[in-house]
Amino acid sequence: MERRTNTEIKLRCFGCGAIIQNENPRMTGFLPRSVLENETPLCQRCYRLQHYGEDVPNENFSREYLKVMDEARKNKCLIVYVVDLFAFESSLVFSIFDYLKENPLLVIGNKKDVLPKSVDEKKLISFIENRLNEYNLKPLKTIISSAYKNVHIDEIINAINLYRKGKSVYFVGASSVGKSSLINSFLKAYKNETKTFISTSPYPGTTLDVIKVPLDDKSFFYDTPGILVENAIFSHIDRNSLKYIYPRNEIKPRTYQINDKQSILIGGIARFDYVEGKKIGFTFFISNECDLLRCKLEKADETFSSLILHKDILPVTTGVKSISDLEKHEFKLPNGEFDILISGLCWIKCSSEGGIVNVYAPKNVHVSIRECKI
Ligand SMILES: Nc1nc2c(ncn2[C@@H]2O[C@H](COP(=O)(O)OP(=O)(O)OP(=O)(O)O)[C@@H](O)[C@H]2O)c(=O)[nH]1
Ligand SMILES: [Mg+2]
């Protein structure tokens with residue numbers, strides 16, 4: 001019998017096909033050595049996905065990213081974790097949480113300008129911190145901001161100066177949450193002699209490698225590439241439809257008093273069916289550019305396909321032609337106030353005494369019920 005070389009017997013994960021390795025927990029295919037015996041191995045990411053339904057996106061970190069973050073960890077540097085206040089759930093990047101646990105942590109909730117003006121900042125901060133505490137993340141401070149409107153930029157700069165203790169600062173988070181825009185706001189607030197800024201854009205994946213901005217003789221701001229969260233809507237619709245999804249200005253919540261057996265079509269990409277329950281109000285927090293249309297549940301399938309076909313509802317996306325292209329999520333409504341969220345697209349606030357709702361969204365987009373954000 002022929003002797004096999006090492007490369008020939010490399011194991012692959014049964015769940016995602018990545019080559020199994022036991023050296024680096026932050027790269028694809030990681031499986032601790034102690035559980036390597038199994039005949040059909042699952043990498044740690046797939047195990048968590050399949051057993052806990054947890055979002056563990058497949059971030060293929062570049063070597064540069066890992067090197068920089070390991071340096072941050074070694075030197076106990078301040079990490080600034082930027083989250084998107086609108087698309088909060090899609091800014092939870094579980095795979096970098098280990099770094100956030102071990103380093104001094106400042107959290108910035110960015111894009112305050114797209115939330116209704118009446119929103120209470122204290123409530124937002126406690127919402128963010130409660131969610132992060134669930135993952136054992138304990139920020140030194142959480143600050144609400146808007147890179148667009150320069151909200152609390154001075155307060156952030158002061159906090160950074162206080163917590164960084166003369167060392168470098170690392171900006172991390174999901175794609176498109178506004179890391180580069182915030183650093184640019186800091187550069188504007190201070191004199192930026194070069195007059196050059198970091199590129200920003202409405203498309204995920206703008207910053208491609210780690211960017212170093214000098215702070216003083218021996219320390220830097222590190223702007224890191226954002227991590228694409230796979231179960232957020234952005235990863236599942238056409239790039240040119242993103243402009244309908246990302247709110248660019250203050251969202252105007254839209255409330256519908258809905259009877260049972262009525263549906264709300266959410267562009268040509270999602271649908272909300274009120275299957276059973278008393279007539280109640282459902283408030284949609286969604287980009288103003290995204291069409292919402294009410295119709296009878298019995299007509300919903302037909303209406304949905306026909307509107308998509310004629311592009312009479314926006315946005316549409318190539319993979320969705322009819323309701324059968326979407327995944328169904330059924331909810332028994334609890335008593336009281338809560339949000340139903342479609343990750344990255346919207347949340348729907350309501351107060352119910354029970355009932356049944358079906359939400360249809362593109363496959364693999366996270367849909368759930370949570371405590372009210374605002
Ligand atoms: N409304 C609003 N939009 C913002 C704000 N900050 C950034 N943006 C927009 O969000 C998009 C992404 O901003 P970037 O600064 O490129 O985000 P990033 O986190 O650096 O993105 P990556 O480099 O892809 O990880 C751009 O269209 C920005 O103009 C904000 O405070 N409010
Ligand atoms: Mg960037």
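The values are calculated or read from the model by the stated rules, or taken from the named source; none is laboratory data. All figures in this text were calculated on a predicted structure; none of them were measured in a lab. Here the Cβ positions follow ideal geometry from the backbone for every residue, glycine too, while neighbour counts run over all protein chains shown.
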Q.
Here's a check for you: in the stretch 173-184, which residue that is at negative phi and touching a helix residue (DSSP H, G or I) at 6+ places or on another chain (Cβ under 6 Å) is surrounded by the fewest Cβ atoms within 10 Å (Cβ to Cβ)?
A. Ala174
**Q.** Selection within the stretch 138-169 - in a loop (DSSP other than H, G, I, E, B) and either free of Cβ contacts under 8 Å to residues at least 12 places away in the same chain or more than 11 Å from Gly109 (Cβ to Cβ) (or both)
**A.** Lys138, Leu140, Ala147, Tyr148, Lys149, Asn150, His152, Lys165, Gly166, Lys167, Ser168
Q) Among the listed residues Thr255, Thr283, Thr303, which satisfies the condition of being of a type in the set (S, T, N, Q), surrounded by fewer than 21 Cβ atoms within 10 Å (Cβ to Cβ), touching a Pro at 6+ places or on another chain (Cβ under 9 Å) and outside the structural domain of Lys149 (by TED's automatic domain parsing)? A) Thr283
Q. Quick check: is even one residue across the stretch 91-104 more than 16 Å from ligand 2 (Cβ to nearest atom), modelled with pLDDT of 95 or more and in a strand (DSSP E or B)?
A. no
Q.
Restricting to the stretch 330-366, count the residues that are under 20 Å from Ile308 (Cβ atoms), surrounded by fewer than 19 Cβ atoms within 10 Å (Cβ to Cβ) and modelled with pLDDT of 95 or more.
A. 1
**Q.** Hey, Val83 outside any loop (DSSP other than H, G, I, E, B), at pLDDT 95 or above and either of a type outside the set (Gly, Ala, Ser) or exposed (fewer than 15 other Cβ atoms within 10 Å of the Cβ) (or both) or not
**A.** yes
Q. Does the stretch 110-122 include one or more residues that are aliphatic (A, V, I, L, M) and either over 20 Å from Asn249 (Cβ atoms) or assigned by TED's automatic domain parsing to the domain that holds Pro247 (or both)?
A. no
Q | Residues that are more than 22 Å from Glu64 (Cβ to Cβ), within 16 Å of ligand 2 (Cβ to nearest atom) and of a type in the set (Phe, Trp, Tyr), drawn from the stretch 157-192 | A | Phe186
